[in-house]
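To start, the structure itself, in structure tokens.
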Amino acid sequence: MGYTRENEFHPYQPPNSLFALSNEFQIFMTFTFPVLLAIFMFRYIHVKLTSDFTHSLPLKREQLFHQHVVFGLVVIIVPLFLTALSLTILGLILPYKELLSFTSVLEWFSFSALFHVFVFLTGVFVAMFTGMSILQGALTYILFLFPVGVTVLFISNLEFYLFGFTATYYLDSQIEKYIPFIRLSQLERLPLTLTEGLGYVLLCFIFYVCALLVYKKRDTETATQAIAFPSLRPIFKYGVTFCTMLVGGLYFGSLQGGLGWILFGYLLGSFAGYFLSIMMLEKSLKVFSKWKGYVAYVIAVAIIGFAIQIDVFGFEKKLPAVEDIEGIYFGDSIYSVIDHEASLNPTYIVDQRMYINPTYFYEQPETINSIHHLHEQIIQEKDLLKKTKDQRNSVAIRYNLKEGSDLIRYYEVPLTIYQKQYREIAETTEFKENQNPVLKINDLSTLEHITLNSYYTERRVTITEREDIEEFHQLIQSDIKNETFEEIQDYRSWWTEISYEFSNNQYLQFSWKKSYTEIENWLEEKGLIEQARVTEDDLSHIYVLKNDEKRDIYDVVYGTEYGNDLSRREGAVKIEDPSQLNEILRIAGGDYRGEYIIGFYFKNSLHPQFESISTENAPDFLRKALP
């Protein structure tokens with residue numbers, strides 16, 4: 001069936017929120033103008049002459065502070081109010097009633113004013129702790145990022161040391177809302193909640209009061225000094241050192257891997273941060289004689305790092321008792337166990353269609369015991385797994401404990417070592433039903449039809465007769481229920497998608513695996529096999545290339561100037577015999593690092609499709625052609 005695009009050209013649709021209009025410009029102005037205003041309003045405390053003169057006037061410091069802050073707030077609020085008033089008037093004239101409604105304009109004014117005031121008062125707060133205007137601006141922006149940034153850096157570095165720890169659990173997408181830049185960019189689709197709004201108001205109040213209290217205690221002689229209070233200078237120095245150390249370790253650890261590179265990153269980052277911070281504090285390049293503080297820092301960090309490395313808190317060995325477990329989220333991706341709603345809710349909505357999805361929550365005793373046993377084995381063999389280089393399979397586990405807490409672990413383990421434990425899990429009824437939602441479908445009264453779409457031939461089979469639907473459904477359920485562990489782990493498919501469409505707008509889609517032989521025989525009997533999947537008649541030929549190094553097939557194919565044209569590759573073998581094409585077609589796929597790379601060339605396409613075959617699955621004629 002062809003696919004047509006209707007209404008390709010649409011009339012202009014105005015946005016639903018005023019924050020969507022020149023969003024980037026609004027963000028730029030919100031985080032530029034108030035910061036500059038705070039710098040200029042309190043510039044006088046950073047210049048020695050003006051500081052001495054201003055503070056010699058017969059005015060209390062409270063009066064000076066309030067005058068400057070209030071004037072700054074007026075400069076911020078008045079233009080926003082006039083803009084909001086203009087927008088309200090335009091809403092009475094222009095045909096954009098929803099966009100320029102009173103509610104929409106009020107929302108824009110309220111949130112914009114809140115963010116502008118928050119940024120301004122943050123700049124005022126920072127101004128009290130430094131004697132340099134340039135540093136005030138830099139520290140203001142650092143403060144916006146520091147709480148989230150240092151958390152991200154610290155948690156990300158823990159992944160290098162704690163076996164089973166995953167930063168993703170703590171650093172999910174929700175952390176972005178704590179970064180003001182990003183949160184402002186989200187307002188067009190996610191307005192501030194009441195809690196968030198009150199949080200920003202509270203921060204404004206705290207910054208205002210703290211800035212006033214600090215200003216009253218600030219010495220005028222601290223003008224032109226990097227940090228105005230001597231007691232805060234060590235905090236600044238070691239804070240910069242700690243952050244640059246984490247950045248260095250994370251960079252080299254992610255780029256190169258290995259403990260040696262991580263330690264090198266820590267040393268390089270901490271060394272640079274420590275001495276650069278001293279240069280800023282003393283405004284001199286002659287700082288390398290003050291190395292004793294750095295040595296003390298390195299020793300302290302080494303002690304802390306060693307404590308984490310030997311797991312003094314028992315994180316790596318922690319395993320809940322089976323009787324304390326209410327349920328387990330288990331999958332091969334950390335994201336499948338982080339999101340409670342997605343793990344429990346079997347549907348997700350796309351274009352107003354509800355697609356039935358696999359689930360990852362297990363609560364049957366048999367499955368819980370099997371997952372618990374696997375986790376226990378992984379903990380016991382920690383040292384072996386850390387040395388294993390071939391780690392392709394992810395294991396994500398989240399325990400839902402009866403007392404209400406959660407425990408989450410994530411590992412990279414070779415499947416070959418844990419075949420027995422994986423088999424126990426994969427062959428349970430609950431696992432098969434969760435991973436194959438078609439097994440949970442027993443009522444077919446709302447099922448309108450079943451469609452088999454062949455990707456590369458653009459052919460399809462649609463089953464609409466009630467008797468055929470029921471028969472096909474029973475056979476596919478039988479195929480899946482009877483899968484062995486080896487077949488479950490075998491992802492070779494016929495490049496055909498099976499789709500269930502229900503009258504209640506629900507859809508279920510899954511691949512036709514080559515292990516599903518009962519439906520293949522049924523389609524053969526019905527004379528529909530050629531419409532349902534790729535056959536040897538769809539192929540003009542194939543090329544086979546040896547891959548002794550077991551590289552990823554796409555690295556091999558696209559790693560040379562020949563691209564996907566295997567005919568120009570040295571050692572490539574062309575196969576055209578229909579029986580051989582059929583045999584290779586039946587066994588190819590699943591592993592992208594097999595010893596034989598297969599390029600399938602279709603009669604109706606100029607672009608080949610690539611799969612691979614392992615040596616143990618390769619037919620004799622292929623082994624002879626490419627020994």
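The values are calculated or read from the model by the stated rules, or taken from the named source; none is laboratory data. None of these values were measured; they are calculated from a predicted model. Methodologically, a virtual Cβ is constructed for each residue, glycine included, from the backbone with ideal geometry; neighbour enumeration extends over all protein chains shown. To get the accessible areas, we keep the full protein, side chains included, count just its heavy atoms, and leave off ligands, DNA and RNA. Shrake-Rupley method; radii C 1.70, N 1.55, O 1.52, S 1.80 Å.
Taking the residues in the stretch 111-140 that are small (Gly, Ala, Ser), out of contact with any Leu (no Cβ under 6 Å at 6 or more places or on another chain) and in contact (Cβ under 8 Å) with a residue 40 or more places away in the chain as candidates, determine which candidate is surrounded by the most Cβ atoms within 10 Å (Cβ to Cβ). Filtering the stretch 111-140 for residues that are small (Gly, Ala, Ser), out of contact with any Leu (no Cβ under 6 Å at 6 or more places or on another chain) and in contact (Cβ under 8 Å) with a residue 40 or more places away in the chain, the one surrounded by the most Cβ atoms within 10 Å (Cβ to Cβ) comes out as ALA127.
Quickly run through the stretch 167-195 and pick out the residues that are part of a loop (DSSP other than H, G, I, E, B) and aliphatic (A, V, I, L, M). Answer for the stretch 167-195, where residues must be part of a loop (DSSP other than H, G, I, E, B) and aliphatic (A, V, I, L, M): LEU171, ILE179, LEU187, LEU190, LEU192.
Restricting attention to the stretch 309-353, the residues being at pLDDT 65 or above, within 21 Å of TYR507 (Cα to Cα) and open to solvent by 60 Å² or more (accessible area, probe 1.4 Å) number 1.
Anything in the stretch 229-257 that is open to solvent by 50 Å² or more (accessible area, probe 1.4 Å) and either in contact with a strand residue (DSSP E or B) (Cβ under 9 Å, 6 or more places away or on another chain) or over 30 Å from LEU213 (Cβ atoms) (or both)? List them, or say none. Scanning the stretch 229-257 gives VAL247, TYR251, SER254, LEU255, GLN256. For the stretch 162-180, the set of residues classified as at pLDDT 80 or above and either out of contact with any strand residue (DSSP E or B) (no Cβ under 6 Å at 6 or more places or on another chain) or more than 23 Å from GLY314 (Cβ to Cβ) (or both) consists of LEU162, PHE163, PHE165, ALA167, THR168, TYR178, ILE179, PRO180, listed by residue number.
Being open to solvent by 40 Å² or more (accessible area, probe 1.4 Å) and among the small types (Gly, Ala, Ser) is the filter; apply it to the stretch 598-627 and report the residue that is nearest to the chain's Cα centre (by Cα). Looking at the filtered set, the residue picked out is SER605.
Which of the following residues is in contact with a Ser or Thr (Cβ under 6 Å, 6 or more places away or on another chain), open to solvent by 10 Å² or more (accessible area, probe 1.4 Å) and under 30 Å from HIS449 (Cα atoms): GLU530, GLU595, GLU518, GLU524? The match here is GLU518. Being at positive phi, touching a residue at least 60 places away in the same chain (Cβ under 8 Å) and touching a strand residue (DSSP E or B) at 6+ places or on another chain (Cβ under 8 Å) is a description that does not apply to GLY571.
If you scan the stretch 1-47, which residues turn out to be at pLDDT below 85 and assigned to a helix (DSSP H, G or I)? Residues satisfying the conditions are LEU18, PHE19, ALA20, ASN23. Give the residue that is surrounded by the most Cβ atoms within 10 Å (Cβ to Cβ), with candidates limited to residues of the stretch 472-515 that are hydrophobic (A, V, I, L, M, F, W, C) and farther than 24 Å from MET354 by Cβ. Top of the filtered list is TRP494. Scanning the stretch 201-228 for residues that are open to solvent by less than 80 Å² (accessible area, probe 1.4 Å), under 30 Å from SER56 (Cβ atoms) and not β-branched (Val, Ile, Thr) yields a count of 11.
When you look at VAL247, is it assigned to a helix (DSSP H, G or I), aliphatic (A, V, I, L, M), within 26 Å of PHE160 (Cα to Cα) and without any contact (Cβ under 8 Å) to a residue 40 or more places away in the chain, yes or no? Judged against the criteria, VAL247 is not a match.
Residues in the stretch 546-567: is at least one at pLDDT 85 or above, outside the structural domain of ARG492 (by the TED database) and over 28 Å from GLU487 (Cβ atoms)? Spell out the reasoning first.
Residues of the stretch 546-567 at pLDDT 85 or above: 546.
Now restrict to residues that are outside the structural domain of ARG492 (by the TED database): 546.
When the remaining residues are screened for being over 28 Å from GLU487 (Cβ atoms), the result is none.
Within the stretch 546-567 (the criterion being at pLDDT 85 or above, outside the structural domain of ARG492 (by the TED database) and over 28 Å from GLU487 (Cβ atoms)), the answer is no, since none of the residues qualifies.
Condition check for GLN421 on (1) among the polar types (S, T, N, Q); (2) open to solvent by less than 20 Å² (accessible area, probe 1.4 Å); (3) assigned by the TED database to the domain that holds TYR500: one failure, at (3). Of the strands (runs of 3 or more DSSP E) lying entirely inside the stretch 377-454, those containing at least 3 residues that are over 29 Å from the mean Cα position of the chain (by Cα) are 447-454. Pairing residues of the stretch 148-177 that are closer than 16 Å to LYS382 by Cα with residues that are buried (at least 18 other Cβ atoms within 10 Å of the Cβ) and among the β-branched types (Val, Ile, Thr), at Cβ distances under 8 Å and at least 6 apart in sequence or on separate chains, gives GLU159/THR166; PHE160/ILE262; GLY164/ILE378; THR166/ILE334; THR166/ILE408. Filtering LEU143, LEU106, LEU198 for residues that are open to solvent by 30 Å² or more (accessible area, probe 1.4 Å), in contact with a Ser or Thr (Cβ under 7 Å, 6 or more places away or on another chain), assigned to a helix (DSSP H, G or I) and without any contact (Cβ under 8 Å) to a residue 40 or more places away in the chain leaves a single hit, LEU143.
Residues being open to solvent by 20 Å² or more (accessible area, probe 1.4 Å), of a type in the set (Phe, Trp, Tyr) and either assigned to a helix (DSSP H, G or I) or within 30 Å of LEU374 (Cα to Cα) (or both) are entirely absent from the stretch 82-99.
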